[in-house]
Amino acid sequence: MADLRMPARVPVTDALTPKFMTAVIAAVVVCGLYFGRPVLMPLALAVLMSFAIAPLVAVLRHLRLGHVPAILLSLALALVILSAIGAFVGAQFAGLAGDLPRYQTNIGHKIQSIRGSTGHGTIARLNQTIEILADQITGNRDQQNQPVAGALPEEKPVPVEIRRQTVAPWEVAQTILGPLLEPLATLALVLVFVGFIMLQKDDLRDRFVRLAGSNDMQRTAVALDEAASRLSRYLALQTIINACFGATIGVGLFLIGVPNSGLWALIGMLFRFVPYVGVPIAFLFPATLAVAVDPGWSMLFSTMALFGSVEAIVGQMIEPFVYGRSMGLSAVAVVVAAVFWTWLWGPVGLLLSTPLTMCFVVLGRHIDSLKFLDVMLGDTPALKTEESLYLRMLAEDPDDATEDAEEFLRHSTLAAYYDEVVARALMLAQADVNRGVLDATRQTRIRDAIEGVILNLSERKDETGIKPVELPPAWRGGKPVLCIAGRGPLDEAAAMLLVDMLQKYGVGAQVVSSDQSSAAQIASLDVTAVQVICVSYLEPGTYKNARYQVRRLRKHAPGVPVMAVFWGLGDDHSRYLDSIEATECDVVTTGLKETIHHVLVFARRSAKSDVEKAAE
C-alpha cells in the first residue's frame, strides 16, 4: 500500500542562510539607527562629550575632589564654555550686521564690474535665453502665443482688500524662538546624558561587558579600554590641532585686514571638527566679508591662499605625523563612514562619523563576530605579507613584490624575508597544488616571478649572524653545492633562495630541476666537483619521493653528503625526527639560516680534511 503521509516540512528558519540572517540583522540595525536618531544622536554626542571631559574629571579627582563634585564641576565648566562661545559669536555677528550697510557700496561696485567684464547686456541676454528655453520646454510660450479654441471670455478682476491681522505676542515668540528650542533641547538632553554616563561609568561598563562578552570578559575589557584610549587621544589631539589651525587663521586674517578675525578664528576651529566640509564652510564667512570690505579683489585672494595653505599643511603634514596609527582607520573607511553617517543622521552624523567608526573598528578587532568591521574599515593590512606576495606571484608581478620586499627589509634581513615571507608564500602555493587548484603552467609562472624578485634584490647585502669561513680550494671554484628541486617548479623556486644566499657567502651553487634528477635522467646529471647536495622540499608528503631520490643521488655521487631542506616542517620536532630516519640523508634542515650553517660546516670539515691529508 502506498504511503500517503505528507512529507515533513522544513522549518523556515532552517532555510535561512547565515548570510541572509546577517543581512536582515544589519538592515534592522540601520533602521533602528535611523528611526531612533532623536534619542540615539544626543546619546552619541553625550558619549563623545564624556570622553572629552573625562581627563578633566580625572584631574579634579586627583586633586582630592569627590567623584560627584568633580563631575558636576566639569559639567558646569563645559556649560560655561559653551555659553561663552555662544555669547561671543552672537555679539560678533550682531556687530557685523550693524557694519554691513557700510559695505553696500563696495558690493555694488563689484557687481557692476562683473557685469561690465562680461560685456554690455550679456547677463540680461543670457537670462532671457534661459527663460525662453524654459518656456519652450514647459509649453508656456506656445500657450501664450496661440489662442485656445472655445476659451471663455476673460473675467473682470475681483477687487482684494488687505487688512492688517492682529498677531498675539505668544505667536511672535513662537515664530522667533521656535527654531532655537530644538537645538537648546538637544543640548540640554546631551548634558543630562553626560551627567548620567559619568556618574554611572563603572556600572555601565560592567553591564556592557556582561551583555557583550561575559564568556570572555578579558577581551571585552581590553576592547573597551582600547576604544576609550584611542577616542580620548584622538579628541585631545584634534582639539589641539584645530586650536592651532584657528589661531593661525585668526592671525592671518588680522594681518590681511579682514574684520572680526577672532570670530573667524573661532569658527574655523569649531568647523574643522566636521570632516571634509567644515573648512570650506568656515572659509565662506571671511571670504564673503573680504569681498564686501575690500574695493578690489586682493583681500579675497589672500584669504583663499591663507585657508588653502594652512589646511594643506595641517591636513597633509601635521595630522599624519601626529595621529600616526592612533585612529586605526583606512582612508577609504573615513570617506565611507562620513557618507554613511551623514545620510543617517545629517550634519551631526558627519561630526560623529570618525569617532563612531573608530569605536566599531576597535570592537571588531577584539570580538570575533565583528571581525569583518576591522577587515573592512581598519588600517591593518587585510592580507599577511606572505599572502600578499602569493597574489603578486600569481599575477606575475615581481616588481610590485620587490617593492613590498623593500618595505619589509627596512627593519629586517634578506634571510628573514626569504624564510618568513617567500618560503611561506611558496608553501601556500604548494597547498593549492595539493588541493589540485594550481596547474603546472601557473607553478612555472610563480617560479619565474620568484626568480625576478631574486634578481631585483641581487645587489642587496645581508647579515644572517653566521660567521663566514675561509673556503678550501675545492670550494672556491665552480659550483660545489648542488641544489635539487624535490618535486616541481615550486621546490625549484625554494632552491633558488638557497642558491642566492650561498652566493652571498662566496659559495658557488646551482639549481637542478626535479626532471633532471629523475630516475630516467639522473645518469646525465653532472656532479663533477660537487661537494654537497641539497634537496629542497616545500611539502615532503610521505617522504617516499625524498627517500628514493636520496638513494639515487648516493648511487650517482658516492661519498658526497646529501642534505634535505624541508621548508614546511617548522618546529614540529616529531616530524623532524621522522624525516631524518625516512630520507636516510646526512642532515635535515627546516630553514634557510640553518641550511647555510650546515653547508659552511661541511666546508670547514673539507678544509680540515685537506689539512690532515697535507700533514700526512
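What is the ratio of the Cα radius of gyration of segment 270-384 to 2.2 N^0.38 Å, with N the residue count, to two decimals? Before the final figure, lay out each step's value.
On the way: Rg = 18.1 Å, N = 115, 2.2 N^0.38 = 13.4 Å.
Rg over 2.2 N^0.38 Å, computed on Cα atoms: 1.36.
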Whole-percent carbon and sulfur contribution to the accessible surface of segment 300-444 (1.4 Å, no ligands, DNA or RNA) stands at 64 percent
3J(HN,Hα) from dihedral phi, segment 445-455, Karplus parametrisation 6.51/-1.76/1.60, rounded to Hz, x for glycine, proline: 5, 5, 4, 5, 5, 5, 4, x, 5, 4, 5
Between residue 512 and residues 5 or more places away or on another chain, the pairs with built amide H atoms under 5 Å apart involve 483, 484, 485
Rounding to the nearest 20 debye, state how big the charge dipole of segment 197-284 is about its Cα centre with +1 on each Lys and Arg Cβ and -1 on each Asp and Glu Cβ. 80 debye
log10 I(q)/I(0), Debye, Cα-only segment 396-549, no solvent, q = 0.10, 0.14, 0.20 Å⁻¹? -0.38, -0.75, -1.36
I'd like the FRET efficiency for residue 93 and residue 336, computed as 1/(1 + (r/R0)^6) with the beta carbon distance as r and R0 of 35 Å, rounded to 0.05. 0.50
What figure in square angstrom, to the nearest 10, would you give for the accessible area of residue 403 with a 1.4 Å probe? 120 Å²
Going through segment 392-424, which trypsin sites (Lys or Arg not before Pro) have at most 13 other Cβ atoms within 10 Å and a DSSP loop state? 410
Among 585-592, 71-78, 311-318, how do they line up from the highest to the lowest mean number of other beta-carbon atoms within 10 Å? 585-592, 71-78, 311-318
For the pairs 384/461; 461/593; 544/593; 555/608, note any where the Cα-Cα span goes beyond 19 Å. 384/461; 544/593; 555/608
Can you grab the distance from the C-alpha centre of segment 354-406 to the C-alpha centre of segment 468-543, Å, no decimals? 36 Å
When you count, for each residue, the other Cβ atoms within 10 Å and take the mean per peptide, how do 448-454, 532-538, 372-378 rank with the highest first? 532-538, 448-454, 372-378
For segment 205-329: accessible area per residue (Å², 1.4 Å): 51 Å²
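The values are calculated or read from the model by the stated rules, or taken from the named source; none is laboratory data. Just so it is clear, the structure is predicted and the values come from calculations on it, not from any experiment. So basically every Cβ, Gly included, is an ideal-geometry build from the backbone, and we count neighbours across all protein chains shown. The accessibility values were calculated without ligands, DNA or RNA, using every heavy atom of the protein model including side chains. Shrake-Rupley method; radii C 1.70, N 1.55, O 1.52, S 1.80 Å.
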